């Protein structure tokens, strides 16, 4: 592991970077989303659209909905569930890192931007970030592990990717960081 661009860094090493981008759900807060209900609703939407959703999970279901021409409806359905879950979000310990303001911070999430903002505001964290990039923030609908959402969050910090660490809780986050050229730290 190189010092300049580690794939993973140990807890407490974010201060060695000029900025930090956090994933939201599972990193700063736990959104109280009933993902089984989301999948049931997406299954119904797809069946009503003539698509067999058998064997697909949430993000595959969203892609199938986009391919079937009902992506906007699927996105709205998921977003509604996420926003409801954001209203009941539970703060996680890494939120304290964000609040200490040692380095400039942003958020890059697979959740919709509105849910991110609701959860951050609920936990009095929104004023501590320079930007929020959600699943729906980019016009082309790029989502993690595509590097574009993370690069947009890095841009909000006014920094180069190599000077930023992305903190997340999933392999998808690690892959996003690798593709974007940032450091990465698991939580």
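On a 0 to 90° scale, report how tilted helix 171-180 is relative to the longest principal axis of the chain, with both axes built from alpha carbons and the result rounded to the nearest 10. That works out to roughly 60 degrees.
Length gained on full extension, residue 162 to residue 121: 11.9 nm, using 0.36 nm per residue less the C-alpha separation.
Would the stretch 39-187 count as rounded, prolate or oblate if I go by the C-alpha gyration tensor, calling it rounded below 1.5 in a/c and otherwise prolate when a/b exceeds b/c, oblate otherwise? Cα axes put the stretch 39-187 in the prolate bin.
The angle between the Cα long axis of helix 71-87 and the main principal axis of the chain comes to about 60°, on a 0 to 90 degree scale.
Mind running the shape call on the stretch 76-153? Use the C-alpha gyration tensor, a ≥ b ≥ c as the square roots of the eigenvalues: rounded below 1.5 for a/c, prolate if a/b tops b/c, oblate otherwise. Here the stretch 76-153 falls in the oblate category. In the chain, the longest principal axis of the Cα atoms and the axis of helix 58-67 are about 60 degrees apart.
Each reported figure results from applying straightforward, stated rules to the coordinates on display, with no laboratory input. The model shown is predicted, which means the values in this text are computed figures rather than measured ones.
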